[in-house]
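Inspection log for the structure reproduced underneath, given as structure tokens.
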Amino acid sequence: QVQLVESGGGLVQPGGSLRLSCAASGSIFRINAMGWYRQAPGKQRELVASITSGVNTMYADSVKGRFTISRDNAKNTVYLQMNSLKPEDTAVYYCNAAYSPNYYLSGVGPNYWGQGTQVTVSS
């Protein structure tokens, strides 16, 4: 089992920044990729960004150039730096850990979820 704990959400004005953190524990040796998803009210959960153990990254078109995913292997933590935030970025953000990077392409395979953290972008 893998446990994921997110932190760093909150309320921010448009144009502002937030950094989300996701700390992993447990059987992390099985994990080869991690990602961030988000779900806005009335919408489906969508992939925001992912990163492999080899630090290859992938981003949704809507966040390219504004969000950066990174990882600190020594701390077993993945980060999502969010800049130039827009009201449409408002959502619950979920951390995900997967056995294979292919999960972020196919949606199939063993994976784990955090409890989610709320991000609200509003003036």
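Of note:
- Solvent exposure ordering (accessible area, 1.4 Å, most first) of D61, D72: D61, D72
- Judged by the gyration tensor of its Cα atoms, with axes a ≥ b ≥ c, segment 74-119 is prolate; a/c meets the 1.5 cut and a/b is the larger of a/b and b/c.
- Amide proton proximity set for Q3, modelled H, under 5 Å, gap of 5+: S25, G26, S27
- For segment 27-99, alpha-carbon Rg and Dmax in angstrom: 12.5, 37
- Heavy atoms of R45: accessible area, 1.4 Å probe, square angstrom to 10: 90 Å²
- Each Cα pair under 8 Å and six or more residues apart adds its separation to the average, and for the chain the resulting relative contact order is 36 percent.
- Under a 5 Å amide H cut-off, with hydrogens placed 1.01 Å from N, V63 pairs with nothing among residues at least 5 apart or on other chains.
- The chain - accessible surface per residue (Å², probe 1.4 Å): 51 Å²
- Helical content alone sets the calculated 222 nm signal of the chain at -500 deg cm²/dmol, taking -39,500 (n - 2.57) per DSSP H segment of four or more residues and averaging over every residue.
- Once the convex hull of all Cα atoms in the chain is built, its volume per residue stands at 94 Å³.
- Subtracting the Cα-Cα distance of L105 and T57 from their residue separation scaled by 0.36 nm leaves 16.1 nm.
- With every protein chain in place, segment 13-112: carbon and sulfur % of accessible area (1.4 Å): 48 percent
The values are calculated or read from the model by the stated rules, or taken from the named source; none is laboratory data. None of the values given here were measured: they were computed from a predicted structure. Protein only, heavy atoms only, side chains kept; ligands, DNA and RNA dropped before computing areas. Shrake-Rupley method; radii C 1.70, N 1.55, O 1.52, S 1.80 Å.
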